[in-house]
1. Report the Cα centroid-to-centroid distance between region 103-138 and region 146-203 in angstrom, as an integer.
2. Under a Cβ-Cβ cut-off of 12 Å, what is the net charge of the residues other than THR187 that fall near it, where Lys and Arg count +1 and Asp and Glu count -1?
3. Short version: ³J(HN,Hα) in whole Hz for each residue of region 92-98, in order, from phi by Karplus 6.51 cos²θ - 1.76 cosθ + 1.60 (θ = phi - 60°), x for Gly and Pro, what are they?
4. For a test of understanding, tell me how many lysine pairs in region 115-203 have Cα atoms under 23 Å apart, given they are 8 or more places apart or on different chains.
5. Please turn the phi angles of region 59-69 into ³J(HN,Hα) values with the Karplus equation 6.51 cos²θ - 1.76 cosθ + 1.60 (θ = phi - 60°), one per residue in order, whole Hz, x for glycine and proline.
Amino acid sequence: MQEPFDRPGRTRWRRFAALMVPAAAVAGAIVFGMANGAIAASFAVSGQTFKVSATELRGEGFVQYGGLAEEADGKIHPVAVSGIRKAELDNLCQSVKVPGADVVLTIRAGGGGKPARASGLMIDMDSLEGDAEFKNINIGQDASTLDAGPKGAVGARGSFGQQADTVTIKNLRQVARSTHAGTFTLTGLRLKVNLGAAAKECF
């Protein structure tokens, strides 16, 4: 990368979520437990999802585990939490649609060979699609012992986790509930409110 996400026995799982990992080495769904209602995001989420796409994401220090995103009124959403210590994104697009109206806000950046860059990137997501490659990946690691990602990016003890030295995802398509980054550099930022027939999301 250039420098610049009740089993047999006595254990009872309170919450479940499903995580799809789009890699040749990891096919299908991974079901993991959510212990004791651990909250993923460090802030109250809006309750509205948004879409993110990129032609390619390149990351160093990748972790993934289950979490819960909470709205201000206490409503809970099970999510897959992805953490990336350093990330670059080519042709980044983020969109959010106003409910019940033909209005879409889009943010674009990272084009023309000048990728958007993030450090300490944390994402609470509902879904993820793309063609992914992981280097030196551990699958099924106790989420409380993850140490490859951003500082503090760990899940509940005894719950499912995975981590890799690097991750590359081409044709990224993601539906998320929150994103947090220590730094986020949006090269060539373009923000636009799109109305009517032009109110199209990233995908």
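1. Taking the Cα centre of each part, region 103-138 and region 146-203 sit 5 Å apart.
2. +2
3. With the stated coefficients, region 92-98 comes to 6, 9, 10, 9, 9, 9, 6 Hz.
4. Step by step, the pairs that qualify in region 115-203 add up to 4.
5. Per-residue couplings from phi come out as x, 10, x, 10, 9, 8, 6, x, x, 10, 9 Hz.
Every number in this text was worked out from the coordinates using simple rules, so none of it is lab data. As the structure is a prediction and not an experimental result, all values here were calculated from the model. Ideal geometry is used to build each Cβ from the backbone, glycine not excepted, and the neighbour counts take in all protein chains shown.
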